[in-house]
Amino acid sequence: MPLRSGVAAPAAAGKTVVIKLGTSSILSEKTLEPKIRIMASIVETVSRLRQNGHRVVLVCSGAIGVGRVRMNIQERPKNLGERQALAALGQLRLMSLWDSLFGVLGINIAQVLLTRADIADSPRYHNAYTTLNTLLSSDFNAVPIVNENDTVSVYEMRFGDNDSLSAITAGIINADYLFLCTDVDGLYTDNPRSNPEARRLRVLHSVDEARQAACVKTMGSSFGTGGMQTKLIAAELATAAGVATIILNGEHPENIAKVVEKGLNVNEGQDDDPPHTLFLPNPFRLPARKWRILHAMHPCGTLVIDEGAYERISRKESGGRLLPAGVVGVEGNWERLQAVRLVVRKQASDGSIESKEVGRALANYTSIECERIKGLQSAQIMDAIGAVDSLYITDQIALSAPAT
């Protein structure tokens, strides 16, 4: 992503590394206490990376889990209010623990709490971008610790798990590496706990390749919300943004520094040490604006378009602009410049109607206005809603698939 004016640029040397730690990575299910040895090893790993000139961001779950430990609650709470209250209790203690550990090595940390609403709103998105890059700059030289703001998040606007949050964070700061720490050594062809013949996949060129070859079953934990499937989704988000994504065992965080030092070596004949699974970044990296629309923003509704409109917006010369005449349906409620799904509706060979999502867009008009101007010519917009802010119902489109 290009730097905006007024943003402190990170140092040119070194890589930007995002490390995602799940609740089960830092809290013991048996004792319900923080895994101090693991957390200390993470601190040492971050210090080693920084000494080698790299910039590091942690995306750390665990606020609700720490809150549960503090309140001696054994089961995961289902009530939203309880989860938010536990997050408020736990986040303070979690950050205090990180601050104590990093403080031993003289490293400053910073808390960054995000919600999907922060990503969906352009000014807040740019503020998050500016804050993270400034913290990573040589002037501040801090380690941002990112978590979802569980105390205010609602279900509709949650990231869902910190795997997705870590991928979006990596995309925001144009990271080089995203490490997803889990309880196994990588992605396997079958569950290694039940099948000794399961083979670990070392290098993958796409997430589709992983889904065909791998088993995504996981034992999971009573603390965490993610599993191997959520890590594949995160890998898909991150690699589309040009970020190399690695799944490895969180019990050995020191391996993170070894992987970074080794680089993106895809020679299958070399000794595989340390164990991990590497997802190579997409060579056809999406532009930052399109990646954000397609992957980082929460869609508030749907614009249904006809086949002709889809063919037109798929052409490069169209500039990704959709006229009201091509819209045949409006579903959901949104305000201007919020994200919406683009769904093409066509008739199948058997006469049935098929609908397929083909991308996302930022709407120039509210859902109510879109309902009034759908199917109209641009010259009719004034008569329909009394104002013309744009001739196009959207002119910021990110398609997820090529035209067929």
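For the stretch 344-398, give me each residue that is touching a helix residue (DSSP H, G or I) at 6+ places or on another chain (Cβ under 6 Å), open to solvent by 20 Å² or more (accessible area, probe 1.4 Å) and not in a loop (DSSP other than H, G, I, E, B).
LYS346, ARG360, GLU369, ARG372, ALA384, ILE385
Of the conditions (1) touching a residue at least 12 places away in the same chain (Cβ under 8 Å); (2) crowded, with 17+ Cβ neighbours inside 10 Å; (3) in contact with a helix residue (DSSP H, G or I) (Cβ under 9 Å, 6 or more places away or on another chain), LYS35 satisfies every one except a single condition; which number is it?
Among (1) touching a residue at least 12 places away in the same chain (Cβ under 8 Å); (2) crowded, with 17+ Cβ neighbours inside 10 Å; (3) in contact with a helix residue (DSSP H, G or I) (Cβ under 9 Å, 6 or more places away or on another chain), the lone unmet condition for LYS35 is (1).
Determine which single condition GLN84 fails, assuming it passes every other condition in (1) on the phi < 0 side of the Ramachandran plot; (2) free of Cβ contacts under 8 Å to residues at least 12 places away in the same chain.
With respect to (1) on the phi < 0 side of the Ramachandran plot; (2) free of Cβ contacts under 8 Å to residues at least 12 places away in the same chain, GLN84 is out only on (2).
Check SER61, SER47 and return the single one that is at pLDDT 95 or above, in the same structural domain as THR182 (by the TED database), small (Gly, Ala, Ser) and closer than 18 Å to GLN111 by Cα.
One residue alone meets the criteria, SER47.
From the list GLU317, GLU331, exactly one residue is over 23 Å from the mean Cα position of the chain (by Cα) and outside any strand (DSSP E or B). Which is it? Please lay out each step first, then the result.
Numbers: GLU331 fails: outside any strand (DSSP E or B).
Only one candidate passes the filter, namely GLU317.
Kindly establish whether GLY220 is at pLDDT 85 or above and on the phi > 0 side of the Ramachandran plot. Can you show your working first?
Working: at pLDDT 85 or above: no; on the phi > 0 side of the Ramachandran plot: yes.
No; evaluated as a whole, the condition is false for this residue.
State yes or no: is ILE256 modelled with pLDDT of 90 or more and not assigned by the TED database to the domain that holds TYR177? Steps first, please.
Working: modelled with pLDDT of 90 or more: yes; not assigned by the TED database to the domain that holds TYR177: no.
The answer is no for ILE256.
Would you mind stating whether ALA244 is touching a helix residue (DSSP H, G or I) at 6+ places or on another chain (Cβ under 7 Å) and surrounded by 14 or more Cβ atoms within 10 Å (Cβ to Cβ)?
On the way: touching a helix residue (DSSP H, G or I) at 6+ places or on another chain (Cβ under 7 Å): no; surrounded by 14 or more Cβ atoms within 10 Å (Cβ to Cβ): yes.
In short, no.
Any idea which of LEU187, LEU113, LEU165 is on the phi < 0 side of the Ramachandran plot and touching an Asp or Glu at 6+ places or on another chain (Cβ under 6 Å)?
Values: LEU187 fails: touching an Asp or Glu at 6+ places or on another chain (Cβ under 6 Å); LEU113 fails: touching an Asp or Glu at 6+ places or on another chain (Cβ under 6 Å).
The conditions single out LEU165.
The values are calculated or read from the model by the stated rules, or taken from the named source; none is laboratory data. Worth saying up front: this structure is predicted, and the values here are computed from it rather than measured. Cβ sites come from the backbone with ideal geometry, for glycine too, and all protein chains shown count toward neighbours. Note: accessible area is taken over every heavy atom of the protein model, side chains too, but ligands, DNA and RNA are not part of it. Shrake-Rupley method; radii C 1.70, N 1.55, O 1.52, S 1.80 Å.
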